[in-house]
Structures are given as structure tokens and as C-alpha cells.
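Colleague: Sending over a structure as C-alpha cells; questions will come in a sec.
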Number of protein chains: 2
Amino acid sequence: MSAVANLAVPTPTSHVPSPESLCWRTDVRMADAARVAELVAATVFFNTEEIAIARELVEEHLIKGRASGYWFVFAETADGMAGYACFGPIPATVTSYHLYWIAVAPACQARGIGRALLGRVEAAIREGVGTRLYAETSSRLQYAPTREFYERTGFRRAALLPDYFAPGDGKIIYEKLVSLGGS
Amino acid sequence: MSAVANLAVPTPTSHVPSPESLCWRTDVRMADAARVAELVAATVFFNTEEIAIARELVEEHLIKGRASGYWFVFAETADGMAGYACFGPIPATVTSYHLYWIAVAPACQARGIGRALLGRVEAAIREGVGTRLYAETSSRLQYAPTREFYERTGFRRAALLPDYFAPGDGKIIYEKLVSLGGS
């Protein structure tokens with residue numbers, strides 16, 4: 001599964017919310033499946049299959065709860081979802097976690113919401129005595145902002161699998177030692 | 001998820017079946033969940049959580065069919081399951097597949113059943129116009145026979161993620177271009 005994010009940096013506008021003005025929550029509600037699909041579609045970074053996967057992970061949580069292995073952080077404004085992250089413990093590992101998705105709505109970008117989402121993910125992992133966070137993205141030019149986001153928030157490029165997603169579209173695996181502190 | 005195999009090479013005994021004497025099938029039956037768990041436990045390579053995962057993948061197939069993304073090849077003798085492989089298309093990729101599990105019962109090892117299972121997996125991938133097969137295993141000493149199996153069947157070591165499974169227990173990602181021919 002690709003965990004590719006839209007964290008491009010448009011020019012900030014005055015009505016864009018800051019992380020401090022947002023409402024944060026980690027419980028998952030019925031309406032989140034549609035809202036996540038809408039947010040992910042709005043970023044125009046993801047194809048139909050990827051949007052369906054993002055939605056399915058919310059639905060898995062709605063059915064199985066935390067046992068689904070898909071945990072969430074939502075950032076909301078009065079108008080709706082500003083961003084969200086989906087992460088969880090990696091099966092058969094002791095203290096490794098995967099960041100499945102992190103995305104910020106186009107209207108809410110460039111205000112540090114992505115970094116704030118990541119900080120809350122890392123805090124939750126440290127609470128669960130997790131030590132490592134992995135994220136994957138594409139090697140394509142389109143994902144340069146995503147790679148820059150990971151690189152400036154303390155991830156290291158751990159591996160490249162050429163042509164993984166498609167010919168000319170490799171997978172980059174990023175790794176961050178979350179036990180060493182916040183992002 | 002770890003796809004780690006017990007492909008150690010004990011001294012062959014005369015009653016060990018050869019690949020030619022086995023019954024091969026790809027349909028999944030109710031009894032396979034228990035049989036796979038039994039086989040995987042018998043290899044003594046896997047812990048309780050891993051055995052549960054192996055079983056769950058069979059159950060996922062029983063519920064959702066091929067749409068589960070977990071496809072199987074079983075090799076059977078008159079006495080039961082000699083070996084099996086579990087593989088499937090990787091979501092959000094165009095032609096990449098993952099080898100989730102490959103295991104051979106201790107009494108049936110060292111006769112090429114692992115290689116024959118892999119050959120059938122690759123043939124199925126080629127039929128589906130797949131091009132790449134990924135497998136993951138542990139960097140621990142215990143898995144040296146598994147790594148040797150992948151290396152002598154045409155996989156290349158594509159990445160190492162140190163301490164992924166646990167401190168001192170890294171993940172090695174193997175890759176094979178299945179479009180280039182059999183194993």
C-alpha cells in the first residue's frame with residue numbers, strides 16, 4: 001500500500017487555519033469514511049484505487065476498532081476535515097509502526113498541519129513504547145513535496161525499490177526513530 | 001508481515017516425496033486453515049503471532065475469495081500438506097506481487113518442493129501479466145537457509161531495514177523479475 005501525501009506548499013492565505021486553531025481527535029466516526037475519501041480525492045494526488053484504500057482503512061477501524069491495526073489522528077475546522085493521518089503497529093514486529101496515510105486538504109496546507117499530524121502520530125507511538133516509524137512514497141517527480149516533507153521531519157531514506165508501483169515508479173521507504181524525540 | 005520460510009536442508013530419506021509425486025492445487029478449502037497453521041507450526045520457525053497470521057490469510061481467502069488478494073498453491077501427499085505458498089498482487093501497484101508465505105513440512109524438505117512451489121507461484125504471476133515478486137525475511141542467523149533459498153532461486157537482495165522486526169532483527173526485502181523466466 002502506498003502512503004503518499006499531498007503536502008505541497010501553496011501560498012498561504014489569511015483564512016487558512018493554524019494547527020493551534022484546529023480540533024484534534026483520534027476516535028473514528030461513521031462519517032469519517034466519506035470525509036477521508038473526499039479529502040484524499042481533493043488533494044488530486046491519488047488515483048481511484050488509492051482513494052478506495054484510504055476509505056477502506058477507516059471502515060476496517062469502524063468494524064474492528066483498534067484491533068484493525070489502523071489508528072487515526074484527525075484535524076478538523078468548523079468547515080470539515082483539514083487533515084488526517086492513519087498509522088498502526090506493524091504485525092509480527094515488536095516496536096515498529098507504519099504511517100499508512102498523511103494528507104492535508106488543499107485549502108489548509110502550508111501552515112504546519114502535516115507536521116502537527118506527524119507529531120501526534122509519534123506521540124501516540126511513544127506512548128505505546130514504539131520506536132520506529134516507516135513511511136512509503138513514490139519516486140515520481142509528482143511526489144517531490146512528499147519526499148521533502150519526510151526529509152525535513154526527520155525521516156531517512158532507508159530503501160528504494162525501482163519500478164515497484166509501475167515501470168518508472170519506484171517505492172521509497174522512509175524510516176524515523178521516534179524514540180529520539182518529536183518531529 | 002514477515003514471509004519467512006523454513007527451507008532448511010536435512011538429510012533426505014527415501015520416503016520423502018518428490019515434487020512429481022505430489023498433488024498440486026490452488027483452490028482453498030475449509031480444512032486448509034487448520035492444516036496451514038499445523039504445517040507452519042511444525043516448521044518451528046514461526047512464533048504464535050506469525051502462525052495466527054498464516055491462518056488468517058487462508059480465512060480471508062475463504063471469506064472473500066480471490067478478491068482477498070491472498071492466493072495459494074498447495075502441495076499434498078496422501079498423508080497431508082507437504083508445503084504451501086501464499087502470494088498475491090500488491091495493492092496500488094500495476095504488476096508487483098508479494099510472496100507472503102512459503103513453507104515446506106519438515107518431513108518433506110530437501111526434495112525441491114520449495115522451488116516447485118515458487119515455480120508455480122511465478123507461473124501464476126506471469127499468467128496475470130505480473131512482472132515482479134517481492135519476498136521478505138529476517139536478517140537473523142536462524143533464517144540463513146531461507147535467505148539462501150531466495151538467493152539460489154533468482155531473487156536479489158533489494159533492501160535491508162535494520163531492527164525492523166525487533167532490536168537486532170532486521171527485515172531483508174528480496175525482489176525477483178518473474179517476467180525473465182522460471183526459478
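Colleague: Sort A:107-117, B:161-171 for me by packing, meaning the mean count of neighbouring Cβ atoms within 10 Å per residue, highest on top.
Modeller: Ranked from most to least packed, the peptides come out as A:107-117, B:161-171.
Colleague: Sticking with this one: What does the helix-only formula give at 222 nm for chain A: each DSSP H stretch with n ≥ 4 adding -39500 (n - 2.57), the total divided by the residues, and the result rounded to the nearest 500 deg cm²/dmol?
Modeller: When only DSSP H runs of four or more count, the value is -9000 deg cm²/dmol.
Colleague: Per residue of B:157-167, what is the mean number of Cβ atoms on other protein chains within 10 angstrom of that residue's Cβ?
Modeller: Rounded to a whole number, the mean comes out at 5.
Colleague: List, in order, the whole-Hz ³J(HN,Hα) value for each residue of segment B:57-67 obtained from phi through the Karplus relation with A = 6.51, B = -1.76, C = 1.60 and θ = phi - 60°; use x for Gly and Pro.
Modeller: Taking θ as phi minus 60°, the curve returns 5, 5, 5, 4, 5, 4, 7, 9, x, 5, 5 Hz for segment B:57-67.
Colleague: Can you sort A:Ile51, A:Ile172 from fewest to most other Cβ atoms within 10 Å of each residue's own Cβ?
Modeller: The fewest-first ordering by Cβ neighbours comes to A:Ile51, A:Ile172.
Colleague: Taking amide H positions as placed 1.01 Å from N in the peptide plane, with prolines and chain starts having none, which residues 5 or more places from B:Ala82, or on another chain, fall under 5 Å of its amide H?
Modeller: Correct list: B:Ala75, B:Glu76, B:Thr77.
Colleague: Take the rotation relating chain B to chain A, measure from its axis to every Cβ in chain B, and name the nearest residue with the distance in whole Å.
Modeller: Residue with the nearest Cβ, plus whole-Å distance, for chain B: B:Ala159, 2.
Colleague: Something else: Quick one: what are the phi-derived ³J(HN,Hα) couplings along segment B:73-90, Karplus 6.51/-1.76/1.60 with θ = phi - 60°, whole Hz, x for glycine and proline?
Modeller: For segment B:73-90, the Karplus-derived couplings read 10, 10, 10, 10, 10, 4, 8, x, 7, 8, x, 7, 9, 10, 8, x, x, 7 Hz, x marking Gly and Pro.
Colleague: Another question, if that's okay. 7 Å along Cα→Cβ for the label point: how many nanometres lie between B:Gln142 and each equivalent label in the other copies, listed shortest first?
Modeller: 4.2
Colleague: Here is a further query. Considering only the label points, 7 Å along Cα→Cβ from Cα, what distances in nm to one decimal separate B:Asp79 from the same position in each other copy, shortest first?
Modeller: Values, ascending and in nm: 7.0.
Colleague: Can I ask one more? Within 10 Å of each candidate Cβ there may be at most 16 other Cβ atoms; applying that plus a DSSP loop requirement, which trypsin sites (Lys or Arg not before Pro) in segment B:21-96 survive?
Modeller: Passing both the DSSP loop test and the Cβ count: B:Arg29.
Colleague: Give the long-range amide H neighbours of A:Tyr100: residues separated by 5 or more places, or on another chain, with amide H under 5 Å away, using H modelled in the peptide plane at 1.01 Å from N.
Modeller: Here the answer is A:Cys86, A:Phe87, A:Gly88, since their amide H atoms fall under 5 Å of that of A:Tyr100.
Colleague: How would you classify segment A:19-177 from its alpha-carbon gyration tensor, with a ≥ b ≥ c the square roots of the eigenvalues: rounded for a/c under 1.5, else prolate if a/b is greater than b/c, otherwise oblate?
Modeller: Because its axes are fairly even, with a/c under 1.5, segment A:19-177 counts as rounded.
Colleague: Let me ask something additional. Based only on other Cβ atoms within 10 Å, what is the fewest-to-most ordering of A:Arg156, A:Arg120?
Modeller: Fewest-to-most ranking of A:Arg156, A:Arg120: A:Arg156, A:Arg120.
Colleague: Can you tell me, using C-alpha contacts under 8 Å and at least 6 residues apart, the relative contact order of chain A as a whole percent?
Modeller: 24
Colleague: With a ≥ b ≥ c the root eigenvalues of the C-alpha gyration tensor of segment A:104-166, is it rounded (a/c under 1.5), prolate (a/b larger than b/c) or oblate?
Modeller: oblate
Colleague: Next question, about the same structure. Within a 10 angstrom radius of each residue's Cβ in B:80-92, how many Cβ atoms of other chains show up on average? Whole number is fine.
Modeller: 2
No lab work stands behind these numbers, since they all come straight from the coordinates. Values in this document were obtained by computation on a predicted structure and should not be read as measured data. Note that each Cβ is placed from the backbone with ideal geometry, even for glycine, and that neighbours are counted across all protein chains shown.
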